[in-house]
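The values are calculated or read from the model by the stated rules, or taken from the named source; none is laboratory data. All of these numbers come straight from a predicted model, not from anything done at the bench. Quick reminder, even Gly has a Cβ in these numbers, built from the backbone with ideal geometry, and neighbours come from all protein chains shown. Side chains included, ligands, DNA and RNA excluded: accessible areas come from the protein's heavy atoms. Shrake-Rupley method; radii C 1.70, N 1.55, O 1.52, S 1.80 Å.
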Amino acid sequence: IIALQGSLHLLENQPDEYIAAIRKACALYGKAGNHRKNIKLLQEAWVMNPDDDTLFNDLISSMIQSGEQLKASEFLLRRARDHIKQTKFQDARQELVKIIQIEPKHQEALNLIANICLQSGEITEAANYYLKLANLYLESNKFKEAGTIGQKLIKSDPRLVEGHQILATVYRHLEKPDKALKHLMFIGKLLFEKDHIDETISHYKHCKEE
């Protein structure tokens, strides 16, 4: 390892050889369980080759293995933003999924991936992510932000149950029972039209209690 590391600076002007040497060094450090050293070397290599997916994935794996999950999320988010700027939305989506696996409550990642799904016409998938994000906003008493998500969902599909669920919850918290009930009743109508009879009955019982 020492001999290999000592040769790295001699190869800095030879990118391919430099990367190959770093990979060998990282393999040895990996066997030795020295993930922090791996991170340093992989980060240097990735800066030289930012489009190398293998290098980036190895870097993220080393961060996670060394317990630096939050740092991994930061790098993934940075790359996802770059992909979005370049309109590489599916590439960005892959990075955002990884962030959510690490941090299920990462609000920016949830918002970005929901937007990507919505733009690509994947309404149901977008709704799932938006609903998770809205619940996080509601937990933090961010009713305006949650309401914005509900309105966005209804605008994309007026018959989307999740959008009405969010708005009904927001209006309950804002002590506007009439508006909340309006959305609750509409949810019941949607459930009935889909022949979800048991859910419809349960839902209307809930509305009566409200």
### Summary
Conditions (1) open to solvent by 30 Å² or more (accessible area, probe 1.4 Å); (2) closer than 30 Å to D51 by Cα -> L96 fails only (1)
### Query
Looking at (1) open to solvent by 20 Å² or more (accessible area, probe 1.4 Å); (2) at pLDDT 80 or above, can you tell me which one L55 breaks?
(1)
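Somewhere in segment 116-132, is a residue closer than 30 Å to Q43 by Cα and surrounded by 17 or more Cβ atoms within 10 Å (Cβ to Cβ)? Spell out the reasoning first.
Step one: of segment 116-132, the residues closer than 30 Å to Q43 by Cα are 116.
Now restrict to residues that are surrounded by 17 or more Cβ atoms within 10 Å (Cβ to Cβ): 116.
Yes - at least one qualifying residue is present in segment 116-132.
Somewhere in segment 66-76, is a residue over 19 Å from Y130 (Cα atoms), open to solvent by 90 Å² or more (accessible area, probe 1.4 Å), of a type outside the set (G, A, S) and assigned to a loop (DSSP other than H, G, I, E, B)? Lay out the reasoning, then the answer.
In the first step, residues of segment 66-76 are kept if they are over 19 Å from Y130 (Cα atoms); the result is 66-76.
Subset that is open to solvent by 90 Å² or more (accessible area, probe 1.4 Å): 70, 74.
Now narrow it down to the ones that are of a type outside the set (G, A, S): 70, 74.
Okay, now just the ones that are also assigned to a loop (DSSP other than H, G, I, E, B), so none.
No: zero hits.
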### Query
Looking only at segment 133-152, which residues are touching a residue at least 12 places away in the same chain (Cβ under 8 Å) and open to solvent by 70 Å² or more (accessible area, probe 1.4 Å)?
N141, Q151, K152
